[in-house]
Amino acid sequence: MRISIYIAISANGLISNSRNVPDWLSPEYGQGFVSICQKMRAVIMGKTTYNILTPDHLPLQKEGTTVVLTTDEQAKSDNPTVVFTKSKATEITEMLEKKGHTEAVIIGGAMAMSEFINVGLVDDIYFVMEPVLFGSGLPMLKDVEHESKLNLQSVTKLNENTVQLHYEIKKQS
Ligand SMILES: NC(=O)c1ccc[n+]([C@@H]2O[C@H](COP(=O)([O-])OP(=O)(O)OC[C@H]3O[C@@H](n4cnc5c(N)ncnc54)[C@H](OP(=O)(O)O)[C@@H]3O)[C@@H](O)[C@H]2O)c1
């Protein structure tokens, strides 16, 4: 199972501004978001991100699997692809493999990404770096102690001011 992260970041590495308004995201980030989710067919996110996207902006609407991390056992969705779970990253990976998935993408937020980074289950990261600096905001990772080393795979200019950086995470030996 190959797991990727697809995430927009400010030029100083934050994933959200303190206003928590996503008016800094380019159309190209949005196009890439839809495209990678539809290609991977399995999408993982935290409940806060789900609450922002549901119902109209969830990337999978009919087919595939949308995994939403939450401790809320009463959570329900009208979207047939959604599975709510409080399972750990390894169990989620096994569940997706049983459903026949060979790849998945994590689309945020910080807690969901950290859950998978913490146990070394992320293979690729796609950063879409937008041309903004935030004085304060949300870092990408939370409560992750170890460092990961990355191999740059590609740099793609998405528009006049936005670049996508694709890194592979080096596996620790
Ligand atoms: N820049 C980008 O591309 C991008 C993308 C997505 C989101 N964002 C931003 O990121 C922010 C949200 O990030 P976030 O870190 O606060 O929230 P998040 O990861 O989206 O969701 C956090 C919630 O998910 C559940 N959760 C997370 N890890 C869990 C685990 N291991 N087990 C069980 N439940 C778990 C908990 O929900 P319960 O409380 O229900 O248990 C938790 O409160 C927003 O500001 C959003 O705008 C940015």
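All of the numbers you see were taken from the coordinates with simple rules; none came from a lab. All figures in this text were calculated on a predicted structure; none of them were measured in a lab. Quick reminder, even Gly has a Cβ in these numbers, built from the backbone with ideal geometry, and neighbours come from all protein chains shown.
Remark: Met129, Met40 ranked as Met129, Met40, counting other beta-carbon atoms within 10 Å and listing the fewest first.
Applying the Karplus relation 6.51 cos²θ - 1.76 cosθ + 1.60 with θ = phi - 60° to the stretch 138-151 yields 3J(HN,Hα) values of 9, x, 5, 10, 9, 6, 10, 8, 7, 9, 10, 9, 10, 10 Hz, where x marks Gly and Pro.
Computed on the stretch 5-77, with alpha-carbon pairs under 8 angstrom and 6+ residues apart, the relative contact order is 27 percent.
In terms of overall dimensions, the stretch 25-120 has a Cα radius of gyration and Dmax of 12.5, 35 angstrom.
Report the relative contact order of the chain, percent, no decimals, based on alpha-carbon pairs under 8 angstrom and at least 6 residues apart. Provide the component values of the computation, followed by the final result.
Details: 329 pairs, mean separation 56.6, N = 173.
The value is 33 percent.
For the chain, the dipole from Cβ point charges (+1 on Lys and Arg, -1 on Asp and Glu) about the Cα centre works out to 180 debye, to the nearest 20.
Of the chain, which part is the longest with no GluC sites (Glu not before Pro) in a loop (DSSP not H, G, I, E, B) and with at most 10 other C-beta atoms within 10 angstrom? Present the calculation step by step, with values, prior to reporting the outcome.
On the way: sites that count: Glu63, Glu73, Glu145, Glu147, Glu160.
The segment 74-144 is the longest one with no such site.
Backbone geometry of the stretch 10-23 corresponds, through the Karplus equation with coefficients 6.51, -1.76 and 1.60 at θ = phi - 60°, to 3J(HN,Hα) couplings of 6, 5, 9, x, 9, 9, 7, 8, 6, 6, 6, 10, x, 7 Hz, x marking Gly and Pro.
Among the trypsin sites (Lys or Arg not before Pro) within the stretch 100-173, those in coil by DSSP and having at most 15 neighbouring Cβ atoms inside 10 Å are Lys142, Lys149, Lys170, Lys171. The phi torsions of the stretch 95-107, fed into the Karplus equation with coefficients 6.51, -1.76 and 1.60 and a -60° offset, translate into couplings of 4, 5, 5, 4, 7, x, 7, 10, 8, 8, 10, 9, 10 Hz, rounded to whole numbers, with Gly and Pro shown as x. Amide H to amide H distances under 5 Å link Ile9 with Val128, Met129, Glu130, where only residues 5 or more positions off or on other chains count and H is placed in the peptide plane. Each of Phe134, Ile107, Thr48 was scored by the projection of its Cα onto the charge dipole of the chain, and the greatest displacement toward the positive side belongs to Ile107; charges sit on the C-beta of Lys, Arg, Asp and Glu.
Take the alpha carbon atoms of the chain, find their radius of gyration, then divide it by 2.2 N^0.38 Å using N residues; give the quotient. Before the final figure, lay out the partial values.
Details: Rg = 15.4 Å, N = 173, 2.2 N^0.38 = 15.6 Å.
For the chain, the normalised Cα radius of gyration comes out at 0.99.
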